Amino acid sequence: MSSLRTALEALRNAPRVRIVAPPMESRIASLFRGADLADAYAVSIPNDDIRDINALAQSVLGQPERWFRALLSLRDAIMTCFGVKTSRQIRDRQEREGGGHIDFFPILSASDHEIVVGEDDQHLNFRTSLMLRGGLRAPDRELVVTTIVHCHNGLGRLYLSAISPIHRLVVRSSLRKAMTRAL
């Protein structure tokens, strides 16, 4: 019974992730129109000392849960048959070419308050923005993760429909875990 109580207490104290409108001040705002997927999630920054978008982006994207790694391996095994780049291929290319990346996500742009990662292939293009916004002090500041996907063909739309529910779980879980570490 005490383990159940502990689990419920942890849930009660977990950072709350909210669905928000994709922020118009984001560098990827021009991609919102006509997107096959456009979503944004926000979590309040729990600590005044947290100001480094690079560290936050690394915490959100660079340290995925084991269950996500397992799903990613399954995705890679299936999608390789359709000519979709695997996470390993993307990571290897980044290391070869020397581009900045977080895990296998290539960094496309970075500023003091926003990092954009993404990848394009023959089936779809995706961009994810991790952006600090709000006031100077916690809890007025928040981290907003916005994802935009544009599909090019039926396989891209089929893939997107299959991964969308998982995407939502991954984003929420990653934000919660990153903010829990920051407490």
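Structure summary
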| item | result |
| --- | --- |
| The stretch 65-82 residues that are within 19 Å of Gly156 (Cβ to Cβ), paired with ones that are open to solvent by 90 Å² or more (accessible area, probe 1.4 Å) and assigned to a helix (DSSP H, G or I) (beta carbon under 6 Å, 6 or more apart) | none |
| Criterion violated by Gly98 - all others in (1) open to solvent by 20 Å² or more (accessible area, probe 1.4 Å); (2) in contact with a helix residue (DSSP H, G or I) (Cβ under 8 Å, 6 or more places away or on another chain) satisfied | (2) |
| Within the stretch 135-161, tally of residues that are open to solvent by 50 Å² or more (accessible area, probe 1.4 Å) and modelled with pLDDT under 90 | 4 |
| Candidate set from the stretch 110-125 (those that are open to solvent by 30 Å² or more (accessible area, probe 1.4 Å), touching a residue at least 24 places away in the same chain (Cβ under 8 Å) and in a strand (DSSP E or B)); member that is nearest to Ala42 (Cα to Cα) | Ala110 |
| Members of the stretch 126-179 found to be polar (S, T, N, Q), more than 21 Å from Leu71 (Cβ to Cβ) and under 17 Å from the mean Cα position of the chain (by Cα), listed by number | Ser129, Thr146 |
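For every residue, the table says whether it meets (1) touching a residue at least 60 places away in the same chain (Cβ under 8 Å); (2) open to solvent by 50 Å² or more (accessible area, probe 1.4 Å); (3) of a type in the set (A, V, I, L, M, F, W, C).
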| residue | (1), (2), (3) |
| --- | --- |
| Ala29 | no, no, yes |
| Gly34 | yes, yes, no |
| Leu37 | yes, no, yes |
| Ala40 | yes, no, yes |
| Ser44 | yes, no, no |
| Asp52 | no, yes, no |
| Ser59 | yes, no, no |
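The values are calculated or read from the model by the stated rules, or taken from the named source; none is laboratory data. Note that this is a predicted model, so its numbers are computed, not measured. Reconstructed Cβ throughout: ideal geometry from the backbone, glycine too, with neighbour counts over all protein chains shown. Heads up: the accessible areas ignore ligands, DNA and RNA and are worked out on the full protein's heavy atoms, side chains in. Shrake-Rupley method; radii C 1.70, N 1.55, O 1.52, S 1.80 Å.
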